[in-house]
Amino acid sequence: MSNATLTAAPDGSPKVSKVSEAVIRIAGNSQDGIQAIGGFLARLAGRSEQEVMTFMTIPSTISGAPSIFQVRIGSGEVLSAGDEADVLLAFYQHSYEDHINSLRKGGIVLYDEDHVEPKPEWQQDYRHLGVPISSRTVEAIGGTAKDKGKNIYALGLVARMFDLNLPKLEKLIRERFTGKDESIVNNALTAFHAGYAYNLSGVVATYQFVESQKKEGAQVVMNGNEALGYGLIAAGVRFGAGYPITPWSDVMELLRRELPKYGGTFVQCEDEIASVSMALGASYGGRVAVTGSSGPGISLKTEAIGWGVMAEMPLIICNVQRGGPSTGMPTNVEQSDLNQAVYGGHGDSPRVVLAPADVEDCFYTAIEAVNIARKFNIPVFILSDQSIATRIEAFREPDLEKVCQDLSPDLSPIPDQKPYDLSIADGVTPRAVPGTRILSGKYPIVTGLEHDEMGHPTGSPKLHLQMSAKRRKKLQTLAATFSTPKVYGAEKGNVLFVGWGSTQGPIREAVERARAAGEQVGSLHIRYISPLPNGLEKIFANYNHIFVVEMNDEGIYGFGQLAMLLRARYCDPKIRSIAKTDGLTWKVKDILERMRTKLAVN
Amino acid sequence: MSLPATEIPARTGNITALPAAPAADERKGLTKKELAADHPTWCPGCGDFSVLALYFKLIEKRKLWHEKITTVAGIGCSSRFPYFVQAHGVHFIHGRALPFASGISLSRPDLHVFVFGGDGDAFSIGGNHLNHTARKNIKMTYVIMDNWVYGLTKKQTSPTSPQGFKSKTDTWGAVDYPINPMKQLVSAGATFIARTTHTNPNHVLQMMEAAMDHDGFSVIECLSECVEFYEGAFDASNPRKGGVFNLVPPEHDVTDEMAAYKLADASFPGYFGVFYKVNRPTKNALEAKINGTVQEKFKGLKDWQILKKNFDRMK
């Protein structure tokens with residue numbers, strides 16, 4: 001609500017204010033269904049052609065621990081989940097005390113009077129609004145409901161406060177509980193209406209979002225893991241294998257559930273190594289297959305990924321990154337597996353690494369990754385992370401008829417086949433999948449041993465040189481097909497932010513704020529981590545300072561992981577790091593503060 | 001060929017929907033010459049030679065075509081196998097041949113998948129994969145060429161080395177209790193378990209044929225002597241060396257788990273033949289059944305239309 005701020009209504013008179021956006025933080029415990037409230041709000045925004053972005057933290061324990069869900073809804077472009085909340089909905093004392101600092105001064109704290117004792121010293125800075133949420137919910141739907149339903153009651157309060165579209169929300173509630181007992185749907189609607197009917201307007205103004213611009217086409221609302229899973233299906237992937245690990249498990253659950261509709265299969269394996277091996281086996285069988293994990297699991301897969309590089313086998317490896325190393329912070333975000341993706345493994349094993357920039361990009365990156373893998377016969381990493389995996393965004397529905405692919409293998413007989421043909425200049429050799437009759441009677445072996453052109457083992461120094469060059473050249477050929485990323489903001493000037501993955505939104509918002517303050521700042525977002533696209537050095541030349549903004553440690557030498565890679569690649573001392581590892585997404589103001597500190601000392 | 005007929009659903013995206021195989025032409029069964037690829041790198045006298053020769057014989061006898069078989073192996077002397085066979089083949093990493101082969105088997109029901117490997121692959125580094133491939137009953141044939149020693153790395157203790165065996169890692173003699181392959185396979189839930197030895201070629205072929213015909217995960221432990229690092233290990237099972245080759249008694253009930261376990265308890269040389277064989281639905285069949293049921297609801301829809309249904313719910 002940057003433009004029109006929320007203010008208390010004078011003297012209880014009902015008043016309606018127009019706002020362009022709002023950040024609502026819901027704080028409770030993990031089993032309270034607060035993600036459901038956030039999900040309803042996000043979906044409603046999508047259906048109302050508004051932009052939306054969410055942010056959540058969940059504890060790594062099963063239930064009972066504190067959890068938050070933040071929704072930012074706006075009529076204009078929403079780039080991040082918002083630095084400060086306009087409204088805090090607090091279910092418990094700890095929710096209230098732990099999150100009051102996330103509320104901007106003058107913001108509204110809406111709390112459950114049954115559980116929260118407001119602090120007098122905070123009354124000055126924040127507008128306090130107590131509602132007996134728990135007891136009113138029980139009153140509305142009966143004692144058996146216990147704590148269940150208070151989330152929906154609170155949704156009713158928020159709906160009234162923001163004058164949200166009632167029929168659309170009712171429809172969403174019906175859809176959500178469809179297939180369940182009719183009494184559950186009725187209870188939910190009863191709780192919702194009770195919350196909606198609670199008389200808030202006497203004490204606080206009602207807010208309406210200003211009309212957003214009409215968006216072309218329908219919007220879909222989903223989180224990054226869903227976009228990734230559906231992207232893989234659209235790409236034509238019909239086989240996957242994995243082992244559960246947070247925050248990747250959602251993707252495997254989705255694929256296990258959805259793939260049979262398309263005649264495909266997802267196998268839950270005994271471990272990470274079996275998963276990558278089985279996916280490689282299916283890829284060998286003729287269609288690009290997928291495996292995935294989070295950092296620790298990817299570590300276990302690296303030997304087999306090295307085989308994939310050597311044998312030239314297509315494979316998609318999704319890494320939904322979390323805080324590391326080791327078990328680390330399973331439900332927090334970090335971008336600390338870049339080195340693992342680019343370099344992790346034994347020997348020289350060049351591979352492809354792509355990083356989607358937002359939820360929508362997860363869908364299209366999946367398709368792009370599959371097409372690179374099958375054209376270049378190489379393992380391709382998709383580096384997602386916990387924040388992009390769990391945040392909900394609305395984006396334009398893809399043209400599914402156009403983007404969906406069929407990857408059925410061609411089993412027509414062929415005269416001859418050399419799986420590792422050295423006569424092809426760009427290093428890209430086609431593959432004959434098993435089942436293909438080869439008329440010469442000479443059949444290929446795919447192997448992890450250094451090999452000759454037919455895949456038979458060799459200890460020849462010359463062949464090792466030639467084959468290493470072949471595996472490297474493929475990536476140089478690929479890099480030439482990438483378009484140079486476009487600069488956001490000032491095309492030349494003082495500062496260029498460079499980012500990758502889920503940080504695109506906050507970085508762009510930082511650019512906007514800096515420019516509004518008169519600073520010459522631009523940003524560049526790199527989706528192709530390895531190989532890098534050509535032409536970045538020309539962009540770097542246009543700025544005095546280059547700050548690589550990432551969520552990982554600055555390391556022994558003072559540079560984050562992408563910064564280190566870029567410095568090695570471009571030998572440009574202007575490249576410096578703005579890095580952090582607190583397990584949370586970037587706040588826009590933190591990026592700008594860090595920039596100003598760095599500029600001040602230099 | 002006795003492979004089970006595979007139902008091929010109509011939708012193009014199906015992992016099982018492959019172009020129909022060319023009509024049975026006048027191809028003659030492959031000869032040994034057409035099947036031999038690289039000359040084996042095994043030491044002269046190695047038991048693995050006879051397993052390879054009998055694999056060729058199996059392909060010849062059962063009129064399998066180059067393109068219809070896939071030979072997969074992990075790492076070890078025996079795992080060099082695919083290089084010596086003129087057919088689509090895979091030399092994968094140590095211990096992981098079974099999950100790789102599972103990926104082929106589950107996505108390509110038109111192929112017969114054979115896996116060859118040694119005791120290190122099967123019972124040590126890949127031990128857990130053996131358990132899970134067995135319990136899932138994924139259709140393939142696995143021949144474990146057991147020589148009781150690590151040969152490729154030159155004489156270290158193997159998980160099947162008997163206690164007291166002197167290796168470079170146990171110069172005073174192996175101390176750890178060895179794995180009993182038959183017992184392990186029975187308790188893991190394998191649906192076809194047989195034991196043979198390279199010195200009895202007819203028996204090896206017989207076991208291979210029976211294993212290939214089994215609809216499920218079929219495993220053969222084939223004693224295969226390492227003449228370099230464990231010479232004479234299996235003499236007691238070889239009548240030509242004064243040993244005895246005891247067939248599984250005819251009265252043995254192959255569907256009786258306890259009887260199979262008991263049979264496996266006999267001290268070396270023990271028994272040779274089929275220890276256990278039951279029909280339990282394969283994972284291949286169970287997954288195909290799930291897909292059939294699910295796909296019934298989406299009959300006539302193109303892939304993008306199925307996906308559209310999900311997207312419509314996310315608006």
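Please indicate, with yes or no, whether at least one residue in the stretch B:158-176 is surrounded by fewer than 20 Cβ atoms within 10 Å (Cβ to Cβ), more than 20 Å from B:SER224 (Cα to Cα), in contact (Cβ under 8 Å) with a residue 60 or more places away in the chain and not acidic (Asp, Glu). No; the residues of the stretch B:158-176 include none that is surrounded by fewer than 20 Cβ atoms within 10 Å (Cβ to Cβ), more than 20 Å from B:SER224 (Cα to Cα), in contact (Cβ under 8 Å) with a residue 60 or more places away in the chain and not acidic (Asp, Glu).
Might you check whether a residue that is closer than 21 Å to A:ARG238 by Cα, assigned by TED's automatic domain parsing to the domain that holds B:LEU205 and of a type in the set (Val, Ile, Thr) occurs anywhere in the stretch B:127-141? Taking every residue of the stretch B:127-141 in turn, at least one turns out to be closer than 21 Å to A:ARG238 by Cα, assigned by TED's automatic domain parsing to the domain that holds B:LEU205 and of a type in the set (Val, Ile, Thr). Note on the stretch B:210-241: residues that are part of a strand (DSSP E or B) and charged (D, E, K, R) amount to 1. What is the residue count in the stretch A:190-230 for residues that are farther than 28 Å from A:SER17 by Cβ and not acidic (Asp, Glu)? So the answer is 12.
Yes or no, residue by residue, for (1) of a type outside the set (Asp, Glu); (2) in a helix (DSSP H, G or I); (3) closer than 19 Å to A:ARG322 by Cα; (4) outside the structural domain of A:GLY38 (by TED's automatic domain parsing):
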| site | (1), (2), (3), (4) |
| --- | --- |
| A:PRO356 | yes, no, yes, yes |
| A:VAL370 | yes, yes, no, yes |
| A:LEU383 | yes, no, yes, yes |
| A:LEU407 | yes, no, no, yes |
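Screening the candidates A:LEU228, A:LEU259, A:LEU255 for the property of being in a helix (DSSP H, G or I), within 14 Å of chain B (Cβ to nearest Cβ) and touching a Pro at 6+ places or on another chain (Cβ under 9 Å) yields one hit, A:LEU228.
The residues of the stretch A:98-112 that are farther than 13 Å from A:VAL23 by Cα and assigned to a helix (DSSP H, G or I), listed by number, are A:ASP98, A:HIS99, A:ILE100, A:ASN101.
Being assigned to a loop (DSSP other than H, G, I, E, B) and more than 27 Å from the chain's Cα centre (by Cα) is the filter; apply it to the stretch A:515-549 and report the residue that is surrounded by the fewest Cβ atoms within 10 Å (Cβ to Cβ). Walk me through it before giving the result.
Step one: filter the stretch A:515-549 for residues assigned to a loop (DSSP other than H, G, I, E, B), giving A:517-520, A:526-527, A:531-535, A:541-542.
Right, trim to more than 27 Å from the chain's Cα centre (by Cα) and you get A:517-520, A:541-542.
Numbers: A:ALA517: 9, A:GLY518: 7, A:GLU519: 18, A:GLN520: 17, A:ALA541: 11, A:ASN542: 15.
Top of the filtered list is A:GLY518.
Only a single criterion out of (1) in a loop (DSSP other than H, G, I, E, B); (2) away from chain B (no Cβ under 14 Å); (3) within 34 Å of the chain's Cα centre (by Cα) is not satisfied by A:ASN187, namely (1). Scanning the stretch A:268-285 for residues that are farther than 13 Å from A:ALA373 by Cβ and not hydroxyl-bearing (Ser, Thr, Tyr) gives A:GLN268, A:CYS269, A:GLU270, A:ASP271, A:GLU272, A:ILE273, A:ALA274, A:VAL276, A:MET278, A:GLY281, A:GLY285. Of the residues making up the stretch B:242-284, those that are in contact (Cβ under 8 Å) with a residue 12 or more places away in the chain, in a helix (DSSP H, G or I) and not polar (S, T, N, Q) are B:GLU257, B:ALA260, B:TYR261, B:LEU263, B:LYS283.
Conditions (1) facing chain A (nearest Cβ under 7 Å); (2) touching a residue at least 12 places away in the same chain (Cβ under 8 Å); (3) not in a strand (DSSP E or B), marked per residue:
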residue	(1), (2), (3)
B:ARG80	no, yes, yes
B:ALA87	yes, yes, yes
B:HIS94	no, yes, yes
B:SER102	yes, yes, yes
B:VAL115	no, yes, no
B:ALA122	no, yes, yes
B:ASN131	no, yes, yes
B:ILE138	no, yes, yes
B:THR153	no, no, yes
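Right, A:PRO415: touching a residue at least 24 places away in the same chain (Cβ under 8 Å) and within 11 Å of chain B (Cβ to nearest Cβ) or not? In short, no. Among the conditions (1) farther than 22 Å from B:TRP148 by Cβ; (2) more than 8 Å from every other protein chain (Cβ to nearest Cβ); (3) modelled with pLDDT of 95 or more, the only one that B:PRO44 does not satisfy is (1). Given the conditions (1) within 14 Å of another protein chain (Cβ to nearest Cβ); (2) under 24 Å from B:LEU205 (Cα atoms), and given that B:MET145 satisfies all but one, which numbered condition is not satisfied? Just one mismatch for B:MET145, condition (1). Against the numbered list (1) at the interface with another protein chain (Cβ under 7 Å from one of its Cβ atoms); (2) modelled with pLDDT of 95 or more, A:ARG287 comes up short only at (2).
The values are calculated or read from the model by the stated rules, or taken from the named source; none is laboratory data. Not measured: the values here are computed from a predicted model. Ideal geometry is used to build each Cβ from the backbone, glycine not excepted, and the neighbour counts take in all protein chains shown.
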